């Protein structure tokens, strides 16, 4: 039996906790209802300002004064800036007019305030009412069961699919505005900002994270440079016996280490102020892509997805897949989108790769920690007879891995990779794999597949109940054919320059 702290709570204490939980839920639902009511009030005020502006004639200044006057009326009563009220009036117009289903959902308590801002932000670029309605129909049910941080990635993907212009065209225009600039801050600090392609930005962040992990076990730090590149001379002096006298405990936080590595890499090309067990040349950025097979073949324009976070145009995805040391072929359920199998054309540990594709991030509800920075946890402990197989493994970040083993929280794994978490008060929270939603086939898959006119297919046989078992041939051989029924979803996951950090054995 696992050690636990929360499990020692008495029934009376658990009842108190459950009552606090219920009260907090009511407060959030009431907050959503107030948000909806406020949006309707501000929207009506905007309409009134519009009517007054029409009577003011064609003079733009006179029209603007009507809005300013009403905003000032509210602002003085609420003791806030009239500019703030005017911005809230504009936001209310967008919510009420462009996203009516979202307004209804938050008013009914099905989603909360945080979900509203995510849904509106990610759908703001959709050009017409029909596409926004389709967007809301897809995103709101997902938002009813997930945290805003997870909803954002899914909403971005849905919005991308509904865009009339291809991602390639929009990316070319956006890339033309790339740049780097500095904003001066107080106390001798500055903020360095860059607008660069998503693949590059995520690769940079991953390389910095890997460097911090790479040096995390180093107990000492030489020299006093804080990410300035000035540590080069100190690093060169490591061979001297006197260098040990300058060694000091490295008390920097994760963010401080990452910022220092960033500064050193930009100024010197190598993090010279740091001492690690191996050179920086051994660290490579990891970029994981999910690419529809038709796009990879150049016969489809559907965008790829960057680790379930951001869309990437098909040309960039093909470039990365072409230079990747290996890539995975992912077979998905034709209805539910659940990952059925992952095979690889270069030698690897297939089970770990299957789980990384299925989970994508920590599987505790609401957590978005990337899979390569998590532990593979046995749902039923290995020491208690749990088997090392797909339906008994899931990725958990260290925080939630510890929570599972050291508190009264418990989890059961259901078919399809669904984890059912039970809190100390007895409430059940299911967590569905993101891949089940991300890989769900598009409605026009059959048409797109027929138009592709390609002989490159993957054979997946399913019974009439569309169960998730791939049928082997009669002699039991793992027969991979280049055929498929037109309903089977296929994606390619490329691990361009991806390392093996996710293959580390779990601590439990």
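The values are calculated or read from the model by the stated rules, or taken from the named source; none is laboratory data. Quantities reported herein were computed from a predicted structural model and do not represent experimental measurements. Note: ideal-geometry Cβ built from the backbone for every residue, glycine included; neighbour counts use all protein chains shown.
Taking the stated definitions as given, is residue 153 surrounded by 17 or more Cβ atoms within 10 Å (Cβ to Cβ) and either touching a strand residue (DSSP E or B) at 6+ places or on another chain (Cβ under 6 Å) or farther than 30 Å from residue 25 by Cα (or both)? No.
Listed residues 436, 423; which is farther than 18 Å from residue 295 by Cα, surrounded by 17 or more Cβ atoms within 10 Å (Cβ to Cβ) and at pLDDT below 90?
436
Within the option set 85, 76, being crowded, with 18+ Cβ neighbours inside 10 Å and out of contact with any strand residue (DSSP E or B) (no Cβ under 9 Å at 6 or more places or on another chain) holds for one residue only, 85. Checking 52, 35, 27 one by one, the residue that is part of a helix (DSSP H, G or I) and touching a residue at least 40 places away in the same chain (Cβ under 8 Å) is 35 and no other.
In the stretch 374-386, of all residues being part of a loop (DSSP other than H, G, I, E, B) and at pLDDT 80 or above, the one that is nearest to residue 356 (Cα to Cα) corresponds to 374.
To keep it simple, each residue is scored yes or no on (1) over 24 Å from residue 161 (Cα atoms); (2) under 33 Å from the mean Cα position of the chain (by Cα).
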| position | (1), (2) |
| --- | --- |
| 50 | yes, no |
| 64 | yes, no |
| 86 | yes, yes |
| 89 | yes, yes |
| 103 | no, yes |
| 123 | no, yes |
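Sub-7 Å Cβ pairs linking a first residue in the stretch 390-401 that is not assigned by TED's automatic domain parsing to the domain that holds residue 338 to a second residue that is part of a strand (DSSP E or B) and surrounded by 21 or more Cβ atoms within 10 Å (Cβ to Cβ), at least 6 apart or interchain, number zero. Here the stretch 264-316 is the region considered, the condition is being in a loop (DSSP other than H, G, I, E, B), under 30 Å from residue 367 (Cα atoms) and in contact with a strand residue (DSSP E or B) (Cβ under 8 Å, 6 or more places away or on another chain), and the residue that is modelled with the highest pLDDT is 313. Residue 97 meets the stated requirement of being touching a helix residue (DSSP H, G or I) at 6+ places or on another chain (Cβ under 8 Å), surrounded by fewer than 16 Cβ atoms within 10 Å (Cβ to Cβ) and assigned to a helix (DSSP H, G or I).
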